[in-house]
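Please read the structure below before turning to the comments.
Every read-out reported here was derived from the displayed coordinates using simple, explicitly stated rules and does not represent laboratory data. Keep in mind the model is a prediction, meaning the values are calculated, not measured. FYI the Cβ positions are ideal-geometry reconstructions off the backbone, even for glycines, and counts take in every protein chain you see.
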Amino acid sequence: MIHQYQLNGYNIVLDVASGGVHAVDEVAYDLIGLYEGHTREEALAEVLARHPEETTEDLSALYDEVTRLKEAGKLFAPDDYEKIAGSL
């Protein structure tokens with residue numbers, strides 16, 4: 001589970017399950033918010049619409065980096081306690 005918020009000019013993404021804290025730029029912040037629940041193509045198209053100054057190649061590389069962070073368990077990490085939390 002992630003939480004995203006903006007505070008004092010910073011874009012902060014918390015991954016609760018992994019304990020990861022990520023300070024990101026506006027583009028990464030928007031992409032991370034769209035990453036789950038959208039296809040790659042949908043997410044990239046939406047971010048490109050919000051940030052027309054970015055190139056498709058740069059956004060694709062950013063998407064790949066978010067995917068690497070997910071695969072490394074540093075972003076969108078699974079919640080190991082979710083199953084037992086409901087039984088308490």
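Based on DSSP H segments of at least four residues, each scored -39500 (n - 2.57), the chain has a per-residue ellipticity at 222 nm of -14000 deg cm²/dmol.
Placing pseudo-labels 7 Å out from each Cα toward the beta carbon at S60 and Y81 gives an inter-label distance of 4.1 nm. Computed over the range 25-77, the Cα gyration tensor eigenvalues convert (square root of 5λ each) into semi-axes of 18, 11, 9 Å, ordered from largest to smallest. Converting phi to 3J(HN,Hα) with the Karplus coefficients 6.51, -1.76 and 1.60 and the offset θ = phi - 60°, the range 22-35 yields 10, 9, 10, 7, 4, 5, 5, 4, 5, 5, 4, x, 9, 4 Hz in sequence order, with x at every glycine or proline. With contacts taken as Cα pairs under 8 Å and at least 6 residues apart, the chain reaches a relative contact order of 29 percent. Taken one residue at a time, the phi angles of the range 63-69 give Karplus couplings (6.51, -1.76, 1.60, θ = phi - 60°) of 4, 4, 5, 4, 4, 4, 5 Hz. Gly and Pro are set to x.
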